[in-house]
Amino acid sequence: MPLTPVSAEDFAWRKRRIVLICSAVALLAALLAAWVFWRSVDPLEAQKSLDAGERQLKMTHYAEAILSFDHALALKKDLVNAYQLRGQANLALVQLEPAIRDFSKVIQLRPDSAEAFVDRAAARLGQQDYQAVIADCGEALARDSRLALPHNMRGIALRETGNPQKALQDFNRAVELAPDESNYFQRAATYQLIGEHKMAIADLDQVIALYPGSPTAYLARAKSREAMGDLAGARSDREAGRLLEGRPK
C-alpha cells in the first residue's frame, strides 16, 4: 500500500499538536502541584490566624481577635476552635446573635461539647431568652454534671420565670461545686425574693468575705438587715456601699 505523502503543513500541524498536548499536560501537573501545596499550606496559615486571634482575645482586643478568626475560617471552614473563640469575642462585645451563631456551629461540629452549650446559654441569658437558657444548661449538665456555671445560669432563668424554689436547687448545687461570690450572691438574691432574709444575709456575708470591695453586696445586705429590723446594720451597710461606689452618704 503506497504511503500517503505528508505535506509541510500537515507536519507542522502535527508538531504543534504535540507541543499543545505537552503544554496542557505540564499545565495540569503545575495546577495539581499548586493545589497540593495550597492544601498543605492552608491549614498552617489557618492555625497561625487562630493562634493570633487567641492571643488578641486574651489581651481583650476583641474586634482584632474576630478579624483573625474570620481569616482562619476563610482558610479552613471546619476549624471548631475558631468558631468557639470568635463566639466568645462576640459575647464579650455583647454581639449576641453572632455569638449564638458561632456557638451553634460548634455544637453542630462537636455535639458532645458541654462548653459550647454553656457559652450559648450565656449569650441567650443576655437576650433574656430564659427557656432557651434552661434548655442549653440542661444539655451542658447532661454532658458534664460537675460544671457550676450552668447551674448558676439555669437558676437565674428559673427565678426570672417565676420558679425561685426550683432555682434554689440549682444555686445550692452551684455553691457546692464552686463557692464563689457569684454563686453566693445569686442564691442570696433568691432568698431575698422569697423573704428568707436570714439566709440571704449569711450568703452576702460570704460574698463580702470573698470580695470586700463589692458595693452591691453591702447594699443588698442592707436590704435584708432592714427587713429583719436591724436598722443600724442596714444603715452601716448602705454607707459602706455608697462609699465603695464613690457616692456621697
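The values are calculated or read from the model by the stated rules, or taken from the named source; none is laboratory data. Because the structure is a prediction, the values reported are computed rather than measured. Reconstructed Cβ throughout: ideal geometry from the backbone, glycine too, with neighbour counts over all protein chains shown. Surface areas here come from the heavy atoms of the whole protein model, side chains and all, with no ligands, DNA or RNA. Shrake-Rupley method; radii C 1.70, N 1.55, O 1.52, S 1.80 Å.
What FRET efficiency comes out for the pair Asn172/Lys48, r = Cβ-Cβ distance, R0 = 51 Å, nearest 0.05?
Rounded to the nearest 0.05, the efficiency is 0.65.
For region 174-187, what does the Karplus curve 6.51 cos²θ - 1.76 cosθ + 1.60, with θ = phi - 60°, yield as ³J(HN,Hα) per residue in whole Hz, taken in order and with x for Gly and Pro?
Couplings: 4, 5, 4, 7, 8, x, 10, 5, 5, 5, 4, 5, 5, 5 Hz.
Ordering Ser182, Ser113 by accessible area with a probe of 1.4 Å, largest first, what comes out?
Ser182, Ser113
Once phi is turned into ³J(HN,Hα) by the Karplus curve 6.51 cos²θ - 1.76 cosθ + 1.60 with θ = phi - 60°, what whole-Hz value does each residue of region 50-66 show in order, with x for glycine and proline?
Working through the residues one at a time gives 4, 5, 5, x, 5, 5, 5, 5, 5, 8, 6, 8, 5, 4, 5, 4, 4 Hz.
Given a Förster radius of 51 Å and the C-beta distance between Glu64 and Glu226 as r, what FRET efficiency does 1/(1 + (r/R0)^6) yield to the nearest 0.05?
The computed FRET efficiency comes out at 0.60.
Give the cross-link partners of Lys223 among the aspartates and glutamates, using a straight C-alpha distance below 17 Å as the criterion and excluding same-chain residues fewer than 8 apart.
Filter leaves Glu196, Asp203, Asp205, Asp237, Glu239, Glu245.
How big is region 97-249 on each of its three principal axes, counting only the C-alpha atoms and giving the largest first in Å?
Computed over region 97-249, the largest-to-smallest principal extents equal 57, 31, 25 Å.
To one decimal place, what Kirkwood hydrodynamic radius in Å is obtained for region 133-188 from all pairs of distinct Cα atoms?
When all Cα pairs of region 133-188 are included, the Kirkwood radius is 10.7 Å.
So what J values fall out for region 97-114 if you push phi through Karplus, 6.51 cos²θ - 1.76 cosθ + 1.60 with θ = phi - 60°, rounded to Hz, Gly and Pro as x?
For region 97-114, the Karplus curve yields 5, x, 4, 4, 4, 5, 5, 5, 5, 4, 4, 5, 7, 9, x, 8, 7, 5 Hz.
For the pair Asp112 and Arg235, how long in nm is the line joining their label points, each one 7 Å along Cα→Cβ?
Computed distance between label sites Asp112 and Arg235 equals 6.2 nm.
May I ask you to order 204-216, 141-153, 80-92 by the average number of other C-beta atoms within 10 Å around their residues, highest value first?
With the highest mean Cβ count within 10 Å placed first, the list reads 80-92, 141-153, 204-216.
Need the full-extension length gain, Lys198 to Arg55, defined as separation in residues times 0.36 nm minus the C-alpha distance. One decimal, nm.
Length gained between Lys198 and Arg55: 47.0 nm.
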